[in-house]
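The values are calculated or read from the model by the stated rules, or taken from the named source; none is laboratory data. Keep in mind that what you see is a predicted model, and the values were worked out from it rather than measured. We place every Cβ from the backbone using ideal geometry, glycine too, and count neighbours over all the protein chains shown. Just so you know, the surface numbers come from the protein's heavy atoms only, side chains and all, with ligands and any DNA or RNA stripped out. Shrake-Rupley method; radii C 1.70, N 1.55, O 1.52, S 1.80 Å.
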Amino acid sequence: MMRRSFGAGSQVSLFTLGTMRALESSEQMFNVLKAAYFSGINHIETAPSYGQAEAFVGLALKEMKLLELNPPGGWVITSKIIPGLSFEEGKNQLKKSILRLGISKVNNLAIHGLNLPEHLHWAINGDGKKLLNWAKREGLIDQIGFSSHGSKVLIKKALTSKVFQFCSLHLHLLDPGRLPLAKKALEEGIGVMAISPADKGGRLQAPSKILTEDCNPIPPLELAYRFLIANGISTLTLGASKPEDFSIAQKLAHKDGPLTKQEEACLLHLQFAGKKRLGITQCGQCQKCLPCPEAVPIPEILRLRNLAIGHDLIGFAKERYNLIGKAGHWWESVNGDACENCQECLPRCPYQLPIPELLSNTHQLLKDSPRRRLWE
């Protein structure tokens, strides 16, 4: 598999093994890791917050070593640490991660969920700075990064802080709003990993019939991966639970070039089809409607409406909408039902959308019982 630069660290494969979905047993993790190896993957992404993931990865790495199944240059390991820990708590957590993984150091250590301003302050001024500097001095990490579900403003501040050498962001074919930030980071030599471009990108591993038709003849997941690869994203996470999940990574292992004419045509058709179904009610995601006096995340809610109506991703849209207010700082906290119809957003919308009406309709369309959430 082709490899790309990743910040100041070792080069990584186009696809990264995400370890959230192989948690049934150490045997399952070993089978997944072995399949990743034979697919040409050299990069593993894990975290203490992923249940038994680090321990299972450590056992799998040990078994792989005995079988002499190691990628050229060795495995590149990315793990994470939650923000807000004291210096001593952070030291203990990092040491335990290294012990569970059975390695001498973590190649890439990311702040797990740099979602709030206080998280960034912790990392660049507080105990986080002290912890990260200590870890580098001790040779326990090679480079520092972050994952974020925060605002674009916060992500930009983190990227320009000169503290981080890589980042993990939500970058999706059907939600490319953070792509300019990612491309700017790449220009500055900061590695960029796309978080869950399949599942969080719209459950593209099990697309709706309509979405499949919109992307025809290229499968939605393949088109989504190629869209990100062609935009220069360093690596894409692939959360595998079985060896068969790597088939598409194997297919795209050497396809790191620009979009083909066929791919460009499929992207145009996808956009046209969604716009045709939404008509004049499509939200353009310009965010000029903000701020809302009731803190309603108008663009995000209308983005879910775009997906539900534009491409029949109703199941995915319901899942995301019903996590609002139930996932802490990992997701939005106010849903469309909080709109008081103050209409302050109306004159700011360049599309002249009836925003209060659309928020109410979206709430009625998507409200449901929340599903269990995997770590983001």
Förster-model FRET efficiency, 51 Å R0, Ser360 and Lys157, C-beta, rounded to 0.05: 0.90
Size of electric dipole in the range 84-164: Cβ of Lys, Arg +1 and of Asp, Glu -1, about Cα centre, debye, nearest 20: 200
Within a Gaussian network of the chain (alpha carbon springs, distance under 10 Å), most fluctuating of His311, His329, His170: His329
Where chymotrypsin sites (Phe, Trp or Tyr not before Pro) fall in DSSP loop in the range 131-213, at most 13 other Cβ within 10 Å: none
Potential extension, Lys242-His121 segment - 0.36 nm per residue separation minus Cα distance: 39.6 nm
Per-residue HN-Hα couplings for the range 12-21 [Karplus 6.51, -1.76, 1.60; θ = phi - 60°; Hz; x = Gly/Pro]: 10, 5, 4, 10, 10, 6, x, 9, 7, 10
Relative intensity, log₁₀ I(q)/I(0), of the range 1-66 from a Debye sum that treats every alpha carbon as a point, q = 0.23 Å⁻¹: -0.97
30 Å Cα cut-off, lysine pairs counted over the range 233-376 (separation 8 or more, or different chains): 20
Å² per residue, accessible surface of the range 262-376 at 1.4 Å: 53
Virtual spin-label span in nm between Phe272 and Asn341, 7 Å along Cα→Cβ: 3.9
Unpartnered cysteines - no second Cys beta carbon under 4.7 Å - across the chain: Cys167, Cys215, Cys266, Cys283, Cys286, Cys292, Cys339, Cys342, Cys349
Heavy-atom surface of the range 1-160, accessible at 1.4 Å and reported per residue (Å²): 42
Where only alpha carbons of the range 226-346 are counted, the Rg and the Dmax (Å): 18.1, 53
Bridge type composition, the range 102-194 - antiparallel percent by DSSP, nearest 5: 5
Beta bridges by DSSP in the range 1-153, antiparallel share as percent, to the nearest 5: 10
FRET efficiency, 1/(1 + (r/R0)^6) with R0 22 Å, evaluated for Ser25 and Lys62 via beta carbons: 0.90
Along principal axes, Cα extents of the range 171-300, largest first, whole Å: 48, 37, 32
Accessible-area composition of the chain, carbon plus sulfur, in percent [1.4 Å probe]: 52
Pairwise label distance in nanometres, Arg137 with Cys349, each label 7 Å out on the Cα-Cβ vector: 5.5
Stokes-Einstein D (µm²/s) once Rh is taken as the Kirkwood radius of the chain over alpha-carbon pairs, at 20 °C in 1.002 mPa s: 100
Net length gained if the chain between Ser5 and Cys286 were fully extended (0.36 nm per residue, minus Cα distance): 98.0 nm
Pairwise label distance in nanometres, Val334 with Lys183, each label 7 Å out on the Cα-Cβ vector: 3.2
Where Rh is the Kirkwood radius over Cα pairs, Rg/Rh for the range 1-153: 0.97
Cα-centred dipole magnitude for the range 159-287, charges only on beta-carbon of K, R (+1) and D, E (-1), debye, nearest 20: 240
DSSP bridge pairs, the chain: antiparallel proportion in percent, nearest 5: 10
Additional length obtainable on full extension of the chain from Ile314 to Gln205, 0.36 nm per residue less Cα span: 37.8 nm
Relative contact order (%) - the chain, alpha-carbon pairs under 8 angstrom, separation at least six: 16
Total charge dipole magnitude, the chain, about the Cα centre, Cβ charges on Lys, Arg, Asp, Glu only, Debye to nearest 20: 520
